[in-house]
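To start, the structure under review is shown below, and the notes come after it.
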Amino acid sequence: MATQSKSNPITDPIETAAERVAEFGEKAAASSRKASEAYLSSYEKAVLALADTYEKAVGATKVEWIASLGSLQADATREITRAYTNAARELVG
């Protein structure tokens, strides 16, 4: 004889609602991760482009120590930006 599961009119809607809330939470978390990745990628590209532009502008000067210092500053900015975005990606992912 096959067993029939009895439905409970009180707990069934609660379980259904709980499942929907869990699905919504998972979708929200996935969307949040995608948005965070997009933000971090845009931020990283913008700062790296700014560092490249800064290095080119400073390199156009005829004073060697200024060009050298500007290049070092641009390199430091690139490294810090990459480290920051990688750490943020690890926290988000």
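Any residue at all in the stretch 60-75 that is under 24 Å from the mean Cα position of the chain (by Cα), closer than 23 Å to Glu90 by Cα and either assigned to a helix (DSSP H, G or I) or modelled with pLDDT of 95 or more (or both)? Walk me through it before giving the result.
Within the stretch 60-75, the subset under 24 Å from the mean Cα position of the chain (by Cα) is 74-75.
Filter again for closer than 23 Å to Glu90 by Cα, leaving 75.
Next, only the ones that are either assigned to a helix (DSSP H, G or I) or modelled with pLDDT of 95 or more (or both) stay: 75.
For the stretch 60-75, residues under 24 Å from the mean Cα position of the chain (by Cα), closer than 23 Å to Glu90 by Cα and either assigned to a helix (DSSP H, G or I) or modelled with pLDDT of 95 or more (or both): present.
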Quiz item: Ser41 versus (1) surrounded by 10 or more Cβ atoms within 10 Å (Cβ to Cβ); (2) more than 18 Å from the chain's Cα centre (by Cα): which is the lone unmet condition?
Solution: (2)
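Name the single residue, out of those in the stretch 2-55 being among the aliphatic types (A, V, I, L, M) and in a loop (DSSP other than H, G, I, E, B), that is farthest from Asn86 (Cα to Cα).
The initial filter retains those residues of the stretch 2-55 that are among the aliphatic types (A, V, I, L, M), namely 2, 10, 14, 17-18, 21-22, 28-30, 35, 38, 40, 46-51.
Filter once more, so that each one left must be in a loop (DSSP other than H, G, I, E, B): 2, 10.
Working: Ala2: 56, Ile10: 48 Å.
Result: Ala2.
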Quiz item: Which is within 17 Å of the chain's Cα centre (by Cα) and at pLDDT 90 or above, of Ala46, Ala57?
Solution: Ala46
Quiz item: Considering only residues of the stretch 51-93 that are in contact (Cβ under 8 Å) with a residue 24 or more places away in the chain and open to solvent by 70 Å² or more (accessible area, probe 1.4 Å), which is nearest to Arg33 (Cα to Cα)?
Solution: Gly93
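Of all residues in the stretch 16-32, count the ones that are closer than 22 Å to Val92 by Cβ and of a type outside the set (S, T, N, Q). Don't jump to the end; show me each part of the working.
Residues of the stretch 16-32 that are closer than 22 Å to Val92 by Cβ, as a first pass: 22-32.
Next, only the ones that are of a type outside the set (S, T, N, Q) stay: 22-30.
The total comes to 9.
The values are calculated or read from the model by the stated rules, or taken from the named source; none is laboratory data. In this text the structure is predicted, and so the values were computed from the model without any measurement. Please note: Cβ atoms are built from the backbone with ideal geometry, for glycine as well, and neighbour counts cover all protein chains shown. Just so you know, the surface numbers come from the protein's heavy atoms only, side chains and all, with ligands and any DNA or RNA stripped out. Shrake-Rupley method; radii C 1.70, N 1.55, O 1.52, S 1.80 Å.
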